[in-house]
Amino acid sequence: MNQDKGEKYKDAYVVDGKLALPYQYFAGTVGSKFLIALRDKREILGVRCDTCGKVYVPPRQVCEKDFEDLGDKWVMLGNTGVVTNFTIVHKDDKHRPRKAPYILAMIKLDGADTAIPHVLEMVQPENVEIGMEVKAVFSSEPTNTILDIDHFEPVL
Amino acid sequence: MAANKKNRNVAIIGIGQTQYSSHREDVNQPEMINEAVKLALQDANLTKDDIDCFMHGNMELFEMVHQPDLWHVLGTGAYGCSEFRLTTGGTTGITLVCAADNLVASGMYDIVLAVGFEKLQEGHTTGGITNMADPLWGRMLQTGALTGTCAADVINEFGEDRARRAAMKHRIIMDQHASRNPNSHRSFGLEMDQLEDLMENSPRLVGDLRLIHMCSQSDGACALIFACEKKAKELSDKPVWIRDHVTTHREETLWMYPLDLSQKEEPTHRKAPRELFERNGIDKPVEYFDVFEMYDPSSWWGMDWIREFFLLEGDEHIRMVENEDIRIEGKMPICPSGGVVSANPIGATAMVRVAEAALQIRGDAGGHQVPGDVNHALASGFGGTLWTILVMLEKELDWE
Amino acid sequence: MAEYFGTTVEDIFRTQDSRFRPEGAEGVDVVVAYNISGAGGGRWKLTVKDGASKTEKLKDDDFGGFTAKMSADAETFVGVAVGQLDGAAMFTSGKLKGEGDMSVLMKLPMMFTKYMPPKKGITAADILATAVERFRPDMAGDLDITVGYKLSGEGGGEWTAVIKDGKCALEEGLRDGLTVTNIASASDYVDLMLGKLDPLVAIGAGRLQLKGDMETAQKLPKLFSKFIPPEASSGPELIVLKKTISVDMKYSTGRMMGKFLKGLKEKKILANKCPECGRRQVPPREICAACVCRAEEFVEVGPEGVITMIEYVYYASPDPLTGETRETPYGVAIILLDGCEGNETMWHLLKSDELDSFKRGDRIRPVWAEERTGNLFDIKYFEKVR
């Protein structure tokens, strides 16, 4: 606020507030199958579009390009993949999965055409490289979310 | 006002609706949208590559997903295309219709697909709506979309017994309409002999607004395809023409209510039809229109607003309900679909009014088709702090 | 006994106390009356107090006072209890009726785990036979243990699960020197595995006894994936995540609302006045929307006024500031303060213990909070002027 506005705006101030609402999320048939395979079998599933040949993970009911129904075109992917990009999260926020600093990487699993974002651990930020081979480490407690993969770490 | 100032005529050439229900755990949001989009494309005999622009709409804060239009490209088919998101509260679905009409009429796009949806089970509707109020004052006071004001006004004007009976009769007729619409979320099988029991025993929500009066919270999606006159005539043998539409807003006035009721301001659901009918030269709307799909958020509003939307006076609207003129086979069929009290996926709801009115004109409404020719249809949308949108649909391109 | 959806009203009430969740009933002190009509119906009374529940069947209509009452026909009641009918729809259509404090009925699902009808034909042997395929080597690691099952009564028997080298094998009979032994009736064991009986409740009630190495016993549930009965596995499991989003916000008052809120601290209600049409706005807004001009002049109004409209709220909605459900009923009033005219009204709460006595046109006055910080609740509520 600049100086001349000071007097005019002397009554304006800021109130701390909150916006809190309960909600739920339905993963749907396709999403549930993916999450259940992660949780119960520690398998990562994708779907393949026969028209464009792309393998999507997380799986989806419909190919966004061809509008093909992919609901039963399951393929099993490897638990390993490569880092296609990464960043280092420096700022803490209560909604984030780890305390800063941590590495958030885009990981293309073996057999997939799309990359998923996930936490990369067991490596120092300065040692992360694009193309680095990594593997999924599964969570010991089920969460029914993508965090049933606890994190990825380098294949040694 | 710009009646008949369209650059070119616009028609609805494709209609797709999911079944409306209380829960859709089997699909996530883009998957549910995709069901409606595919049905609309199929209805128009088009593929997604024929669409020049996509539009997407739902309520804010209802599913707690930020930028759903991006995520939902999976379902809309907008990959690599023009896409707009609109969110205008309860009117979202019909704002999509108005905007699509404008986009095509302007010449910008020849074919536009608009989809409105909601998965109300995923969020908290009343909580979400309450967040529209001023965080420093109204948010702690507002009661979501629930209000007993309308009931209090009708009771004040027509007496407790007559008012309550008329509202409940409206509700039961809507339930019976819904039983003839396979897409409807709720149909309880209500009979007229339950009227007094429901008046006494249905749980109260706010004031005289009872649970049975209020609209449902539904999951579902609706998609419409709009085309310019040239394309519509090429592609469709039953195009439904959009003659005109009007949107009437007012400042946020949830807490404005005078002691002397003669000082009440003209509501937007009176002002909107007054302007629309005046500029289209319609003197007797009850006679002109063959069907009206009203956005009736509760049976109190549904019953009360008949007077405003048709510019009636006195108790004419109550008599229409008492005489059952609003039935599908009645003199002025209102909400053959069962209305919003029977299915309310909010971001789709107001579009469903237009979709259902268009199905009536096409003669494709199936079990809830109004008998005889349907040439002129009216659809309304309602939202937020009591604003109103009306859309007029025609079977023939013959108005001037 | 009349059966609906494969079970009876009697069964639901008989298992009710074993399905009680004390953590869902903190501070709850209620009596719920159930009047279930039709074949297999009857009257039951539920008392929840001090973190315990008691369900009794009554012989007559005398509930002896209740906080809330639920009435339904037997088929509707069972259908809702087992999830075959939509409770909200039944409630709306009047097939399920409530009386008294409805918020109690809404909280019931938090206080009890869902009733699961008995899956006919499933035996303890059936469940144990699936143990090998439900075994999770990843959770077992290098555990080398033997787990005994000593199940009494109909369908009972004795079994040993041998876990070693990341493999699980099942044998009939009990081995010597078991690491852990589970002792229960076969029917309780089936209920436990179907989620009908809470393990902690069963242990507490002595219906499940665990003998041997307790540390290993605690690990057991994690060593096997959940048993899914064949009937239930006909439909796929669908994942639903339940969350409350909570985002910290900062709201700017702006100078008009800021001045208004500061006024409340001094027990003053300020309106601003439009220089063109002269109307007052409470709370003030910088612009008169009708005239589209700035409205900067403040006038003090009230503090007394007249009720022009009352909203009695019976439906419990979440407080958007916390996500917690608000207490009902409460009354919101639209108020024409002295010095205002026509539509120049504002809104606030009415004193809750006098809710029934207010009516349109009543004169009311604000009750000020002792400590005022410049917010809505600097006025606690409005009360009648006597």
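The values are calculated or read from the model by the stated rules, or taken from the named source; none is laboratory data. Please read these numbers as outputs of a predicted model, since none were measured by experiment. FYI the Cβ positions are ideal-geometry reconstructions off the backbone, even for glycines, and counts take in every protein chain you see. Just so you know, the surface numbers come from the protein's heavy atoms only, side chains and all, with ligands and any DNA or RNA stripped out. Shrake-Rupley method; radii C 1.70, N 1.55, O 1.52, S 1.80 Å.
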| query | Of the residues B:LEU211, B:LEU190, B:LEU205, B:LEU198, which single one is open to solvent by 20 Å² or more (accessible area, probe 1.4 Å) and at the interface with chain C (Cβ under 10 Å from one of its Cβ atoms)? | reply | B:LEU211
| field | Neighbours by Cβ (under 7 Å, 6+ apart or cross-chain): first from region B:174-198, free of Cβ contacts under 8 Å to residues at least 24 places away in the same chain and farther than 22 Å from B:THR349 by Cα; second of a type outside the set (S, T, N, Q) and open to solvent by less than 10 Å² (accessible area, probe 1.4 Å) | value | B:LEU190/B:ILE172; B:LEU190/B:ASP175; B:MET192/B:ILE172
| note | By my count, strands (runs of 3 or more DSSP E) wholly in region A:52-156 with at least 3 residues that are open to solvent by 30 Å² or more (accessible area, probe 1.4 Å) and not β-branched (Val, Ile, Thr) are A:102-109, A:133-138
| Mind checking whether some residue in region B:95-102 is modelled with pLDDT of 95 or more, open to solvent by 40 Å² or more (accessible area, probe 1.4 Å) and either within 29 Å of B:ALA272 (Cβ to Cβ) or out of contact with any strand residue (DSSP E or B) (no Cβ under 9 Å at 6 or more places or on another chain) (or both)? | yes
| Would region B:76-93 turn up any residue that is within 29 Å of A:ALA20 (Cα to Cα) and within 14 Å of chain A (Cβ to nearest Cβ)? | no
| task | Might you let me know whether region A:10-21 holds any residue that is in contact with a helix residue (DSSP H, G or I) (Cβ under 6 Å, 6 or more places away or on another chain) and either over 30 Å from B:MET140 (Cα atoms) or modelled with pLDDT of 95 or more (or both)? | result | no
| Looking only at region A:30-46, and only at residues there that are in contact with a helix residue (DSSP H, G or I) (Cβ under 8 Å, 6 or more places away or on another chain) and at the interface with chain C (Cβ under 7 Å from one of its Cβ atoms), the one that is most open to solvent (accessible area, probe 1.4 Å) | A:ARG42
| said: Between a residue in region B:253-271 that is within 14 Å of C:MET309 (Cα to Cα) and in contact (Cβ under 8 Å) with a residue 40 or more places away in the chain and any residue that is in a loop (DSSP other than H, G, I, E, B) and of a type in the set (Ser, Thr, Tyr), which pairs come within a Cβ distance under 7 Å, given they are 6 or more apart or on different chains? | reply: B:THR253/B:THR385; B:LEU254/B:THR385; B:TRP255/C:THR345; B:TYR257/C:THR345
| said: If I filter region C:321-335 for residues that are assigned by TED's automatic domain parsing to the domain that holds C:LYS273, open to solvent by 20 Å² or more (accessible area, probe 1.4 Å) and over 30 Å from B:MET64 (Cβ atoms), do I get at least one hit? | reply: no
| task | Only residues that are within 21 Å of B:LEU141 (Cα to Cα) and assigned to a strand (DSSP E or B): list them for region C:279-288, please. | result | C:ARG280, C:GLN281
| remark: Taking region B:13-31 and keeping only residues that are open to solvent by less than 10 Å² (accessible area, probe 1.4 Å) and modelled with pLDDT of 95 or more, one is left with B:ILE13, B:GLY14, B:GLY16, B:THR18
| field | Which listed residue is within 37 Å of the chain's Cα centre (by Cα) and open to solvent by 50 Å² or more (accessible area, probe 1.4 Å), from C:ASP198, C:ASP188 | value | C:ASP198
| message | So, in region C:336-346, how many residues would count as being open to solvent by 20 Å² or more (accessible area, probe 1.4 Å) and either under 31 Å from the mean Cα position of the chain (by Cα) or more than 9 Å from every other protein chain (Cβ to nearest Cβ) (or both)? | response | 2
| query | Looking at region C:106-115, is at least one residue more than 24 Å from C:ARG21 (Cα to Cα), touching a residue at least 12 places away in the same chain (Cβ under 8 Å) and open to solvent by less than 70 Å² (accessible area, probe 1.4 Å)? | reply | no
| request: Name the residue, out of C:ASP356, C:ASP319, C:ASP378, that is within 14 Å of chain A (Cβ to nearest Cβ) and farther than 30 Å from C:CYS277 by Cβ. | output: C:ASP319
| query | Are there any pairs, at least 6 apart or on different chains, whose C-beta atoms fall under 7 Å, with the first in region A:90-101 and free of Cβ contacts under 8 Å to residues at least 24 places away in the same chain and the second in a loop (DSSP other than H, G, I, E, B) and open to solvent by less than 70 Å² (accessible area, probe 1.4 Å), and if so, which? | reply | A:HIS90/A:ALA100; A:LYS91/A:ALA100; A:ASP92/A:ALA100
| Taking strands (runs of 3 or more DSSP E) that fall entirely within region C:26-113, which contain at least 1 residues that are of a type in the set (Asp, Glu)? | C:52-58, C:68-73, C:96-100
| query | Which helices (runs of 4 or more DSSP H) sit wholly inside region C:114-189 and have at least 3 residues that are among the aliphatic types (A, V, I, L, M)? | reply | C:124-129
| Residues within region C:270-311 that are within 19 Å of C:ARG360 (Cα to Cα) and open to solvent by less than 50 Å² (accessible area, probe 1.4 Å), tallied | 8
| task | Test each condition in (1) within 19 Å of B:MET256 (Cα to Cα); (2) open to solvent by 10 Å² or more (accessible area, probe 1.4 Å) for C:LYS267 and report the one that comes out false. | result | (1)
| request: Taking the residues in region C:270-303 that are within 13 Å of chain B (Cβ to nearest Cβ) and among the charged types (D, E, K, R) as candidates, determine which candidate is farthest from C:LEU376 (Cα to Cα). | output: C:ARG279
| Candidate set: region B:32-75, residues that are at the interface with another protein chain (Cβ under 8 Å from one of its Cβ atoms) and assigned to a loop (DSSP other than H, G, I, E, B); chosen: the one least open to solvent (accessible area, probe 1.4 Å) | B:GLU63
| message | Looking only at region B:316-342, filter to residues that are assigned to a loop (DSSP other than H, G, I, E, B) and open to solvent by 10 Å² or more (accessible area, probe 1.4 Å); which one of those is nearest to B:PHE62 (Cα to Cα)? | response | B:ARG327
| task | Considering each of C:GLU371, C:GLU354, C:GLU383 in turn, give the residue that is in a strand (DSSP E or B) and open to solvent by 20 Å² or more (accessible area, probe 1.4 Å). | result | C:GLU383
| field | Some residue of region B:15-28 being among the β-branched types (Val, Ile, Thr), within 14 Å of another protein chain (Cβ to nearest Cβ) and free of Cβ contacts under 8 Å to residues at least 60 places away in the same chain | value | yes
